[in-house]
Amino acid sequence: MELIVSLPRNDADLARAAAEAGADAIKVHLNVTHEGSHTRFGSFDEERAAIESIIYVVDCPVGVMPGADVAAKKPEMDALAEMGVSFLDIYAKHMPPWMLEMPKWKKIVAFDAGWQADMFPLLTGVTVGIVGYAIDRVEASIFPPDEVGKPFTVADMMKVVAFIRACNHSIVLPTQKFIAPDDVGRLKRQREIADLMIGAVVTGDTPESVYAATREYKKRILEP
């Protein structure tokens, strides 16, 4: 299991704190108001300088959530790749089909509380009709907005396991619910959970809180 830190805002000090505390990857955002931090992330032009500063101060991979109802355009994604951004993470319902065809990008495709198992074969590399694309991870953002920040329960673990069995793919599990450090050992038993992605719900929004949270979750991941 690796640790992705989803930044509560595109800020170099937050990114540096996460990287220094052991993050395996950093995620920035464009074109969205985040459900966990309630931060508005602007367009590529608005966020470019901040993303460039983040790439400059960290030595781990940086990825982008390119947008919700409005996603980054192809020239913007090409520019991000030239800057050093190496993976994307976007909901399937917001993902333009051309993003599947970007060969240099690691692709994480997210599903929300309305996920449908019959959508998975297309996105996990199994040919459906004349279309078949491989992706790297499936993100289990499967909890509705009114549950964001609430404690992670046994019922939630059961939902995650059901999602894993349905998609039959390595997954990224984000901290929509408050997944505590003590929960990490239990989640590691599900080998399909390739990445834990911590965000504002557990990290807070200061360099100090991001550093402390990242260090604690990383420690739990590394425990035997």
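Go through (1) loosely packed, with under 12 Cβ neighbours inside 10 Å; (2) at pLDDT 95 or above; (3) not basic (Lys, Arg) and name the single condition Gly129 misses.
All conditions are met except number (2).
Please state which one of Phe152, Phe163 is within 19 Å of Ile221 (Cα to Cα), of a type in the set (Phe, Trp, Tyr) and either touching a helix residue (DSSP H, G or I) at 6+ places or on another chain (Cβ under 9 Å) or at pLDDT below 95 (or both).
Details: Phe163 fails: within 19 Å of Ile221 (Cα to Cα).
Only one candidate qualifies: Phe152.
Within the range 23-50, track down each residue that is among the aliphatic types (A, V, I, L, M) and within 16 Å of the chain's Cα centre (by Cα). Break it down stepwise before answering.
Keep residues of the range 23-50 that are among the aliphatic types (A, V, I, L, M), which gives 23, 25-26, 28, 30, 32, 49-50.
Residues satisfying the conditions are Ala23, Ala25, Ile26, Val28, Leu30, Val32.
Out of Lys107, Lys93, Lys73, which single residue is over 16 Å from Thr203 (Cα atoms) and crowded, with 17+ Cβ neighbours inside 10 Å? Don't jump to the end; show me each part of the working.
Values: Lys93 fails: crowded, with 17+ Cβ neighbours inside 10 Å; Lys73 fails: crowded, with 17+ Cβ neighbours inside 10 Å.
Only one candidate passes the filter, namely Lys107.
Do we find that Ile198 is without any contact (Cβ under 8 Å) to a residue 40 or more places away in the chain, surrounded by 14 or more Cβ atoms within 10 Å (Cβ to Cβ), β-branched (Val, Ile, Thr) and within 26 Å of Lys106 (Cβ to Cβ) in this structure?
Values: without any contact (Cβ under 8 Å) to a residue 40 or more places away in the chain: no; surrounded by 14 or more Cβ atoms within 10 Å (Cβ to Cβ): yes; β-branched (Val, Ile, Thr): yes; within 26 Å of Lys106 (Cβ to Cβ): yes.
Against the criterion (without any contact (Cβ under 8 Å) to a residue 40 or more places away in the chain, surrounded by 14 or more Cβ atoms within 10 Å (Cβ to Cβ), β-branched (Val, Ile, Thr) and within 26 Å of Lys106 (Cβ to Cβ)), Ile198 does not qualify.
If we keep just the residues of the range 149-166 that are surrounded by 14 or more Cβ atoms within 10 Å (Cβ to Cβ) and touching a strand residue (DSSP E or B) at 6+ places or on another chain (Cβ under 9 Å), which is nearest to Arg191 (Cα to Cα)?
For the range 149-166, the residue satisfying everything is Ile164.
The values are calculated or read from the model by the stated rules, or taken from the named source; none is laboratory data. What you see is a predicted model, and the numbers here were worked out from it, not measured in a lab. All Cβ positions, glycine included, derive from the backbone under ideal geometry; neighbour counts span all protein chains shown.
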